Amino acid sequence: MNTKAEQTKGVNALDIGKLVLAVLVLAAGIFAYSWFGSDSSIPQSVLMLGVLAALVVALAIGAFTAPGRRVRAFLGESQFELRKVVWPTRDETLKTTGIIMVVVIILSLLLGLIDLILKSVVLDWLLKLGS
């Protein structure tokens, strides 16, 4: 359990300005891609690199805002918690997968049998009683 106190500070005007700037940079990269996309003299790879550069710059700008710092802290704590996970061995994974496959086959056969019984009851008995 995390013992850190939650900080519920709002977003100030400077952070809002940074986030707006990040969105504008990303939108400019996407706009440039669509604007110069019809120009055959510019290779497609250069256009994609432009969009990726705009994305990186927008993420960098957004990372230095209060929400960006919270996201970075969350990712750091998530990475720390992932180190604590005990992953199953290959043998355990194969055995578990085999068991699940057998259970799925058995249940599908059981549901098919129930469907066949209900179909015969409804079509052969109930519908013939009404005629």
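The values are calculated or read from the model by the stated rules, or taken from the named source; none is laboratory data. In this text the structure is predicted, and so the values were computed from the model without any measurement. Note: areas computed on protein heavy atoms with side chains; ligands, DNA, RNA excluded. Shrake-Rupley method; radii C 1.70, N 1.55, O 1.52, S 1.80 Å.
Indicate the gyration tensor shape class of segment 9-102 (rounded, prolate or oblate), computed on the Cα atoms with a ≥ b ≥ c the square roots of the eigenvalues: a/c under 1.5 is rounded; otherwise a/b larger than b/c is prolate and the rest oblate.
Here segment 9-102 falls in the oblate category.
Roughly how tilted is helix 90-120, in degrees to the nearest 10 and between 0 and 90, from the longest Cα axis of the chain?
50
So, with a 1.4 angstrom probe, what is the percent of accessible area on the chain that is carbon and sulfur?
Answer for the chain: carbon and sulfur cover 74 percent of the accessible area.
Please compute the per residue accessible area over the chain with all protein chains in place, 1.4 Å probe, rounded to a whole number of Å².
84
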